[in-house]
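J.: Got a structure for you, written out below as structure tokens; questions coming shortly.
The values are calculated or read from the model by the stated rules, or taken from the named source; none is laboratory data. In this text the structure is predicted, and so the values were computed from the model without any measurement. A quick note on method: Cβ atoms are made from the backbone with ideal geometry, for glycine too, and the neighbour counts reach across all protein chains shown. Ligands, DNA and RNA are excluded from the accessible area calculation, which covers all protein heavy atoms including side chains. Shrake-Rupley method; radii C 1.70, N 1.55, O 1.52, S 1.80 Å.
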Amino acid sequence: SFLPRFMIWNTMMGTSILSIPWGIKQAGFTSGIILILLMGILTLYCCYRVVKSRQMIPLIDTSNWEFPDVCKHYFGSFGQWSSLLFSMISLVGAMVVYWVLMSNFLFNTGKFIYNYVHDINVTDIVPGTNGSNKVICPSAASSHPPENRSVMFSSGNNTGFELFEKWWNKSQTVPFYLIAILLPMLNLKSPSFFAKFNVLGTVSVVYLVFLVTVKAAHLGIHLEFNWFTENEFFVPEFRILFPQLTGVLTLAFFIHNCVITLLQNNRNQENNVRDLSVAYFLVGLTYLYVGVIIFASFPSPPLSKECIEQNFLDNFPSDDIMSFVARIFLLFQMMTVYPLLGYLARVQLLRQFFGNAYPSLFHVLILNLAIVGAGVAMARFYPNIGGIIRYSGATCGLAFVFVYPSLIYMISLHRAGQLTWPALITHIFIILLGLANLIAQFLL
């Protein structure tokens, strides 16, 4: 049936889509496309191993097991606690990225509304293209003092605008305003109410694809192929920074810690592998489409491809109507998903320690304050979503995508007396790839 594939697609399509064009720029256009295809195939294979892992255990009823239970079966309490740790890294990493993005979207939305209401025409002193489809290069403006980035042309007093700029600041105030909305939502006993908004995720991804298509139609295609040489406007086809893309992709294709749960509701269990493969194909296609179209249509010259931001919406000015709508969609979607992620983190952590997902409001509040604090700190001091995604992706991916599925498969084959040299070498190679992926994030 269509539903399981759609659920997996919907769960996997997260915020990483905003960083894919930046990742392609870091890797180079040709190697970026090849890496998306290869990482898609590799993560799909490892996900297939996760789905099959329960059936490889003989003589035990594993029908209601999750993947951490399988890890516990093979590696004892070490497997149980380490899989909990990496699962928490992936959840909290996602929640931190959400906080940074929600601050960004809330900031830009507020700015748009304020300027519109007060009829202020603000010209950002940022290099950009002229014309109705303006594309800007915020990173080139970072050499200017950050406070002094907008000049305004409006009659009337400037003090109101200056006050607004002071109290509505992307990194200094807006991340704190979000606490008032989201902290109470995190402390609810059951967030099932927010699960009803799941369709918002689909709407925002469909809208992003639409936005990318319309922008590309207006901007046209700007590509030039150089294999290794830099030039002023274009990046080479292959760049040594390519692991930054593989780090992002590990999280972009990451569903390994909850795929068993998602497929449990599948009426025809024999179709699991097919549904999983179709879902991965659709996710890969969506990433490829958005990444390739944004990269190819980015107007070079006059702007360099290096200008592509870690969140590609930042390349459109705050008064751009289509991006404004996209930011509102994404802001609402993230505000509904955020409490669900917090709920998953709470269930996994507190149930392991206290045997109860809601021991008391005090326990839950302490945990949520820690998670929210991490989000605010990152939005304040390190608002680079590409960086946060690739570090958390490569870290939790090492365990759930590369190491555990391969080790468990090799051990179960060995116990059944079926382990062959090709299988051994292949899976050791997959583990080494995961390790190299993680180490490279810190070297580049």
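J.: Output the 0 to 90 degree angle, nearest 10, between the alpha-carbon long axis of helix 421-443 and the longest principal axis computed from the alpha carbons of the chain.
T.: For 421-443 against the chain, the angle is about 30 degrees.
J.: Tell me which residues come under 5 Å, amide H to amide H, from Phe316 once H is placed; ignore anything under 5 positions away on its chain.
T.: The answer is Ile136.
J.: Next question, about the same structure. Expressed as a fraction of 2.2 N^0.38 Å, the rule-of-thumb size for a compact globular protein of N residues, what is the C-alpha radius of gyration of the stretch 288-407?
T.: Here the Cα radius of gyration is 1.41 times the empirical estimate.
J.: Then there's this: Can you give the calculated 222 nm mean residue ellipticity of the chain, where each DSSP H run of n ≥ 4 adds -39,500 (n - 2.57) and the sum is split over every residue, rounded to the nearest 500 deg cm²/dmol?
T.: -22000 deg cm²/dmol
J.: Using the Karplus curve 6.51 cos²θ - 1.76 cosθ + 1.60 with θ = phi - 60°, work out ³J(HN,Hα) for each residue of the stretch 325-335 in order, rounded to whole Hz, and write x for Gly and Pro.
T.: Per-residue couplings from phi come out as 5, 4, 5, 5, 3, 5, 4, 5, 4, 5, 5 Hz.
J.: Using Cα-only point scatterers and the Debye equation, what is log10 of I(q)/I(0) for the stretch 158-267 at each q in 0.09, 0.12, 0.16, 0.20 Å⁻¹, rounded to two decimals?
T.: For the requested q values the scattering log ratios are -0.58, -0.99, -1.23, -1.20.
J.: Can you list which of the chymotrypsin sites (Phe, Trp or Tyr not before Pro) found in the stretch 69-133 are DSSP loop residues with at most 12 other C-beta atoms within 10 Å?
T.: Here no chymotrypsin sites (Phe, Trp or Tyr not before Pro) fit, given the DSSP loop and packing criteria.
J.: Report the residue, chosen from Tyr287, Tyr338, Tyr382, that carries the largest GNM mean-square fluctuation when the chain is represented by alpha-carbon nodes joined by springs under 10 Å.
T.: Most flexible of the set in this elastic network: Tyr382.
J.: With an 8 Å cut-off on Cα pairs and a minimum separation of 6 or more residues, tell me the relative contact order of the chain in percent.
T.: So the answer I get is 35 percent.
J.: Could you tell me what percent of the accessible area of the stretch 154-231 is made up of carbon and sulfur, with a 1.4 Å probe and every protein chain present?
T.: 68 percent
J.: Determine the per residue accessible area of the chain with all protein chains present and a 1.4 angstrom probe, expressed in square angstrom.
T.: Using a 1.4 Å probe on heavy atoms only, each residue of the chain averages 45 Å².
J.: In degrees from 0 to 90, rounded to the nearest 10, what is the angle of the helix 404-415 Cα long axis to the longest principal axis of the chain?
T.: 10 degrees
J.: May I have the extent of the alpha carbons of the stretch 1-94 along their three principal axes, as whole Å values ordered from largest to smallest?
T.: 49, 34, 21
J.: Which of the peptides 277-285, 261-269 is most tightly packed, and how do the rest follow, judged by the mean count of other Cβ atoms within 10 Å per residue?
T.: In decreasing order of mean packing, 277-285, 261-269 become 277-285, 261-269.
J.: Which Cys residues of the chain have no other Cys Cβ less than 4.7 Å away and so no disulfide-compatible partner by this rule?
T.: So, Cys46, Cys47, Cys71, Cys258, Cys396.
J.: Expressed as a rounded percentage, what relative contact order does the stretch 280-415 have, with Cα pairs under 8 Å and six or more residues apart?
T.: 15 percent
J.: Under the definition of Cα pairs under 8 Å and six or more residues apart, what whole-number percent is the relative contact order of the stretch 188-274?
T.: 10 percent
J.: Using Cα atoms only, what is the angle between the long axis of helix 174-186 and the major principal axis of the chain, expressed in degrees (0 to 90) to the nearest 10?
T.: Value to nearest ten degrees: 40.
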